[in-house]
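Worksheet: one structure, shown below.
Just so it is clear, none of the values below were taken in a lab; they were calculated from the coordinates. Treat the numbers as computed from the prediction; the structure is a model and nothing was measured. Ideal geometry is used to build each Cβ from the backbone, glycine not excepted, and the neighbour counts take in all protein chains shown.
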């Protein structure tokens with residue numbers, strides 16, 4: 001091997017081992033970073049290298065150490081975790097609105113309402129008993145109205161949270177588009193780390209189809225809808241629609257520019273859409289149905305009864321009730337408790353037969369084959385089961401994500417012991433190359449002096 005060749009090989013070795021030393025130092029400096037992926041210098045050596053003095057280091061590359069399959073699985077499972085976490089929080093809020101069991105809950109208020117009628121049936125000529133029936137009717141009205149207001153407020157909060165999350169998604173999409181443009185101009189491992197970190201931050205929000213291009217940029221889509229391609233970004237828009245015929249809001253998602261509908265099937269956005277449009281809506285609809293049916297059934301009996309003055313055809317609850325929001329006792333009863341009927345027949349003020357019929361309604365069918373108490377109990381119980389299920393699914397998904405994260409960290413994470421070992425190896429190789437240059441330089445000087 002010529003002296004020039006030895007010099008060139010040794011110089012290349014110095015530069016590449018210096019690069020490897022810098023890489024290990026950078027790994028150690030970023031070992032606690034969540035977004036950093038370990039760098040590795042791949043050095044290809046000839047078969048003999050310096051030992052035979054007829055070869056040399058031919059090529060070296062610095063790569064990010066990663067397993068794309070595990071990264072892809074982790075993104076997918078994070079999407080599901082985002083949905084599970086959101087489901088658990090929202091369903092818990094739904095359960096909290098019911099506030100069961102406590103003395104202010106609808107279940108206890110209904111029982112107190114029936115009990116007041118039972119007390120009236122045993123003392124039908126008592127004005128205080130009638131005042132208690134009216135008071136319990138008003139309490140029942142306030143409870144229905146409060147439930148409807150609280151669920152309406154919950155839906156409003158969900159809409160606000162939904163809008164905030166859509167804004168967050170757009171912010172990250174715009175950052176991703178800018179990163180794509182920077183990677184096109186001058187790709188680097190740090191840019192790729194930030195790109196992957198943004199994808200990880202986006203994953204819990206909505207389902208993502210991620211495709212890494214050969215130039216380092218990524219193409220993102222959700223449920224078949226393109227969001228990012230190279231530097232082009234398609235932002236999303238929260239679609240909040242008011243239906244005047246039902247007095248209800250409906251949430252949706254669409255592309256900001258084309259107005260094309262987007263239907264996320266996973267992530268927090270999917271959870272917010274489903275819980276706002278389906279879960280809370282169904283609860284409110286069932287409460288409305290219970291309020292309407294309860295008012296109609298009580299009025300059917302009450303208007304055929306007689307009070308102490310033999311007055312009949314008086315509704316206990318207001319006519320035309322359309323749901324929990326306008327559930328109330330009639331104006332007549334609110335102004336005069338003496339109009340509350342207790343007898344089934346005229347001229348029998350001491351009879352409590354009609355009051356007994358209404359009191360017994362707590363055991364009779366009011367809605368969908370159930371009594372009012374049973375129907376409400378099933379409604380609350382169903383939400384309770386969903387809360388338990390959501391907690392179980394969230395916990396299970398957290399474990400799955402953690403296992404995948406540990407697998408990823410075992411591959412892409414930085415181990416101080418391993419990096420220190422590599423650092424020693426590279427430093428020794430660097431010193432060996434320097435020694436070769438020093439020795440060859442001495443030999444060259446000797447040869448020159450001999451001439």
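Take every Cα-Cα pair in the stretch 74-198 and report what % of them are more than 17 Å apart.
Taking all Cα-Cα pairs of the stretch 74-198, the fraction more than 17 Å apart is 73 percent.
Please state, rounded to one decimal and in Å, the Kirkwood hydrodynamic radius that the stretch 249-328 gives when every pair of distinct Cα atoms enters the mean of 1/r. Don't skip to the end; give the middle numbers.
Values: mean 1/r = 0.0627 Å⁻¹.
When all Cα pairs of the stretch 249-328 are included, the Kirkwood radius is 16.0 Å.
Say each of residue 111 and residue 31 gets a label point 7 Å from the Cα, pointing the same way as Cα to Cβ; how far apart are those two points in nm?
So the two model labels end up 6.1 nm from each other.
Modelled label-to-label distance, residue 310 and residue 92, 7 Å Cα→beta-carbon offset: nm?
That separation, rounded to one decimal, is 6.3 nm.
Quick one: compute a quarter of the convex hull surface over the Cα atoms of the stretch 292-446 and quote it in nm².
For the stretch 292-446, the mean projected area of the Cα convex hull comes to 19.1 nm².
If I fit a long axis through the Cα atoms of helix 281-302 and take the longest principal axis of the Cα atoms of the chain, what angle between them do I get, 0 to 90°, rounded to 10?
0 degrees
Starting from the Cα of residue 146, move 7 Å in the Cα-to-Cβ direction to define the label point; list residues of the stretch 262-288 whose amide nitrogen is under 19 Å from there.
284, 287-288
Kindly state, to the nearest 0.05, the FRET efficiency for residue 191 paired with residue 73, given R0 = 25 Å and r defined as their beta-carbon distance.
Values: r = 24 Å, r/R0 = 0.94.
That gives a FRET efficiency of 0.60.
Below 8 Å, C-alpha to C-alpha, sequence gap of six or more: please give me the relative contact order for the chain in percent.
Details: 695 pairs, mean separation 110.3, N = 451.
Answer for the chain is 24 percent.
Once you have the Kirkwood Rh of the stretch 224-380 from its Cα pairs, apply Stokes-Einstein at 37 °C and 0.692 mPa s and quote D in µm²/s.
Working: Rh = 19.4 Å.
The estimated diffusion coefficient comes to 169 µm²/s.
In which sequence would 172, 31 go, from the one with the fewest C-beta neighbours within 10 Å to the one with the most? Mind dumping the intermediate values first?
Values: 172 17, 31 14.
Listing 172, 31 from fewest to most nearby Cβ atoms yields 31, 172.
With each pseudo-label sitting 7 Å past Cα toward Cβ, what's the residue 254-residue 102 distance in nm, one decimal?
Inter-label distance under the simple model: 4.1 nm.
What FRET efficiency comes out for residue 161 versus residue 385 if R0 is 22 angstrom and r is the Cβ-Cβ distance? Round to the nearest 0.05. Before the final figure, lay out each step's value.
Numbers: r = 24 Å, r/R0 = 1.10.
After rounding, the FRET efficiency stands at 0.35.
Compute for the stretch 341-429: radius of gyration divided by Kirkwood radius, i.e. Rg/Rh, restricted to C-alpha atoms, rounded to two decimals. Please report the intermediate quantities before stating the final value.
Working: Rg = 34.2 Å, Rh = 20.0 Å.
When Rh is taken as the Kirkwood radius, the ratio is 1.71.
Take the Cα gyration tensor of the stretch 151-251, multiply each eigenvalue by 5, square-root it, and list the three semi-axes largest first, rounded to whole angstrom.
Numbers: eigenvalues 224, 32, 20 Å².
Here the semi-axes work out to 33, 13, 10 Å.
Semi-axes of the stretch 379-451's equivalent ellipsoid from the Cα gyration tensor, sqrt of 5 times each eigenvalue, largest first, rounded to whole Å? Provide the component values of the computation, followed by the final result.
On the way: eigenvalues 929, 12, 5 Å².
Taking √(5λ) for each Cα gyration eigenvalue gives 68, 8, 5 Å.
Cα centroid distance between the stretch 280-357 and the stretch 76-137, in Å?
19 Å
How tilted is helix 106-122 with respect to the longest principal axis of the chain? Cα atoms for both, answer in degrees (0 to 90, nearest 10).
Helix 106-122 sits roughly 10 degrees off the main axis of the chain.
At 10 °C and 1.306 mPa s, grab the translational diffusion coefficient of the stretch 209-266 from Stokes-Einstein with a Kirkwood Rh over Cα pairs, rounded to a whole number in µm² per second. Don't skip to the answer; put the middle values down first.
Values: Rh = 13.0 Å.
For these conditions, the coefficient is 122 µm²/s.
May I have the convex hull volume per residue, in Å³, for the Cα set of the stretch 72-401?
Cα convex hull per residue, to the nearest whole number: 132 Å³.
With r defined as the distance between the Cβ atoms of residue 363 and residue 296 and R0 fixed at 25 Å, what FRET efficiency is calculated, to the nearest 0.05?
Values: r = 18 Å, r/R0 = 0.70.
It comes out at approximately 0.90.
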